[in-house]
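Step one of this worksheet: look at the structure below.
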């Protein structure tokens, strides 16, 4: 399964290890991720795809606020993690 915009992923490396993030874009070979808090949509983090665990959950990332993204990630986390 390839990474797609809106997919919920879990960080496997870095100081955000274990946290759910949403894929918001791509930059060459890197993936841009945000969580609506530490990493707002306006300032996504660039991550190596090898450092992300895929889930089969998605959230809306276009036209949403950081608050809505945080709520969507929290809701997807509470339904159980499949990584």
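Can you name the condition, by its number, that residue 66 falls short on among (1) surrounded by 15 or more Cβ atoms within 10 Å (Cβ to Cβ); (2) touching a strand residue (DSSP E or B) at 6+ places or on another chain (Cβ under 7 Å)?
The single condition residue 66 does not satisfy is (2).
Scan 49, 40, 44 and give me the residue that is in contact with a strand residue (DSSP E or B) (Cβ under 8 Å, 6 or more places away or on another chain) and touching a residue at least 40 places away in the same chain (Cβ under 8 Å). Reasoning before the result, please.
On the way: 40 fails: touching a residue at least 40 places away in the same chain (Cβ under 8 Å); 44 fails: touching a residue at least 40 places away in the same chain (Cβ under 8 Å).
Checking each option against the conditions leaves just 49.
Across the stretch 6-16, what is the number of residues that are modelled with pLDDT of 95 or more and over 9 Å from the mean Cα position of the chain (by Cα)?
Looking only at that region, the number is 1.
Matching residues to (1) touching a helix residue (DSSP H, G or I) at 6+ places or on another chain (Cβ under 6 Å); (2) not in a loop (DSSP other than H, G, I, E, B):
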| residue | (1), (2) |
| --- | --- |
| 24 | no, yes |
| 31 | yes, yes |
| 36 | yes, no |
| 40 | yes, no |
| 50 | no, yes |
| 55 | no, yes |
| 63 | no, no |
| 69 | no, yes |
| 77 | no, yes |
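The values are calculated or read from the model by the stated rules, or taken from the named source; none is laboratory data. Bear in mind that the values here come from a model prediction, so they are computed numbers and not experimental data. Backbone-built Cβ (ideal geometry, glycine too); neighbour counts: all protein chains shown.
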